[in-house]
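The values are calculated or read from the model by the stated rules, or taken from the named source; none is laboratory data. Remember, predicted model here, so these are calculated numbers, not experimental data. Cβ: placed from backbone, ideal geometry, glycine included. Neighbour counts: every protein chain shown. Each accessible area value is taken on the protein alone, full model and side chains, heavy atoms only, with ligands, DNA and RNA left out. Shrake-Rupley method; radii C 1.70, N 1.55, O 1.52, S 1.80 Å.
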Amino acid sequence: EDKVVQSPLSLVVHEGDTVTLNCSYEVTNFRSLLWYKQEKKAPTFLFMLTSSGIEKKSGRLSSILDKKELFSILNITATQTGDSAVYLCVFAGGTSYGKLTFGQGTILTVHP
Amino acid sequence: SAVISQKPSRDICQRGTSLTIQCQVDSQVTMMFWYRQQPGQSLTLIATANQGSEATYESGFVIDKFPISRPNLTFSTLTVSNMSPEDSSIYLCSVQTAGTGFNNEQFFGPGTRLTVL
């Protein structure tokens with residue numbers, strides 16, 4: 001069974017801090033790993049990673065994938081209160097085309 | 001990315017009744033999916049909505065409980081039948097747009113928050 005494990009499950013920081021969110025996976029037929037941000041209901045797409053060692057960046061957020069060690073990290077620098085959300089690590093692959101397997105999420109709270 | 005809308009955004013229902021959730025996309029998409037997010041849990045795929053044919057259900061989900069329609073490439077419905085309090089969840093549709101191939105980048109609708117009393 002495909003498995004995606006995130007750590008920590010929750011994190012509380014102050015504005016300006018840098019955070020690193022971790023995601024490890026045990027999956028079959030890997031196609032890509034995605035990161036989403038979920039604030040209220042709908043997850044918002046952040047990154048898709050398919051190749052090892054290539055960092056994806058968007059503003060203060062960045063992410064990288066290690067396909068040998070089967071993990072990914074999401075970094076957020078200079079955190080702001082608007083970064084408070086659940087961050088979801090998601091595996092795409094397996095036997096069902098289009099199926100996404102979600103990690104349990106990391107709840108990030110950024111205090112002013 | 002596609003613009004996705006869902007109706008209703010929330011509802012409170014009595015046990016034993018059924019609710020149909022609609023998902024509308026502003027462009028034709030290759031694949032549409034329905035997910036459930038129970039309180040405090042992450043998202044779980046219910047089924048893939050196939051255009052013109054029966055939906056493909058994941059393990060633990062059956063057509064009698066969650067009938068799905070997809071009459072065209074921009075619209076789908078999910079019905080939650082004979083509801084019980086355990087069906088209280090957020091239900092989300094997602095789409096994979098044409099051109100993403102096997103990359104599986106999906107975009108989510110705003111979700112429907114269902115409470116069953």
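Within region B:1-33, take every residue that is in a loop (DSSP other than H, G, I, E, B) and not hydroxyl-bearing (Ser, Thr, Tyr) and give me the one that is least open to solvent (accessible area, probe 1.4 Å).
B:ALA2
I need every pair where a residue in region B:47-68 that is within 11 Å of chain A (Cβ to nearest Cβ) has its Cβ under 7 Å from the Cβ of a residue that is in a loop (DSSP other than H, G, I, E, B) and not aliphatic (A, V, I, L, M), sequence separation at least 6 or different chains.
B:ALA47/B:GLU58; B:ALA47/B:PHE61; B:ALA47/B:PHE66; B:THR48/A:GLY98; B:THR56/B:ASN50
Can you confirm whether B:ILE46 is farther than 21 Å from A:ARG31 by Cα and open to solvent by less than 40 Å² (accessible area, probe 1.4 Å)?
Against the criterion (farther than 21 Å from A:ARG31 by Cα and open to solvent by less than 40 Å² (accessible area, probe 1.4 Å)), B:ILE46 does not qualify.
Among the candidates B:ARG113, B:ARG70, single out the residue that is in contact with a strand residue (DSSP E or B) (Cβ under 6 Å, 6 or more places away or on another chain), more than 27 Å from A:VAL86 (Cα to Cα) and basic (Lys, Arg).
Criteria check complete, one pass: B:ARG70.
If you check B:THR74, B:THR79, which single one turns out to be away from every other protein chain (no Cβ under 12 Å), touching a residue at least 12 places away in the same chain (Cβ under 8 Å), open to solvent by less than 70 Å² (accessible area, probe 1.4 Å) and within 9 Å of the chain's Cα centre (by Cα)?
B:THR79
Go over the candidates A:LYS3, A:LYS67, A:LYS57 one by one and state the one that is of a type in the set (Lys, Arg) and within 20 Å of A:LEU108 (Cβ to Cβ).
Residue meeting the stated conditions: A:LYS57.
Within region A:32-59, take every residue that is open to solvent by 50 Å² or more (accessible area, probe 1.4 Å) and part of a strand (DSSP E or B) and give me the one that is nearest to B:SER5 (Cα to Cα).
Per the stated criteria, the residue is A:THR44.
Could you grab me the full set of residues in region A:22-57 that are in contact with a Leu (Cβ under 7 Å, 6 or more places away or on another chain) and more than 14 Å from chain B (Cβ to nearest Cβ)?
A:SER24, A:GLU26, A:SER52 - these are the residues of region A:22-57 that are in contact with a Leu (Cβ under 7 Å, 6 or more places away or on another chain) and more than 14 Å from chain B (Cβ to nearest Cβ).
Quick test of your reading of the structure: A:LEU74 fulfils all but one of (1) within 14 Å of chain B (Cβ to nearest Cβ); (2) buried (at least 19 other Cβ atoms within 10 Å of the Cβ); (3) touching a Phe, Trp or Tyr at 6+ places or on another chain (Cβ under 6 Å). Name the failing condition by number.
(1)
Restricting region A:87-111 to residues that are open to solvent by 40 Å² or more (accessible area, probe 1.4 Å) and modelled with pLDDT of 95 or more, which is farthest from A:TRP35 (Cα to Cα)?
A:HIS111
Among what's in region A:77-112 and is polar (S, T, N, Q) and away from chain B (no Cβ under 14 Å), pick the residue that is nearest to B:THR30 (Cα to Cα).
Within region A:77-112, the match that is nearest to B:THR30 (Cα to Cα) is A:SER84.
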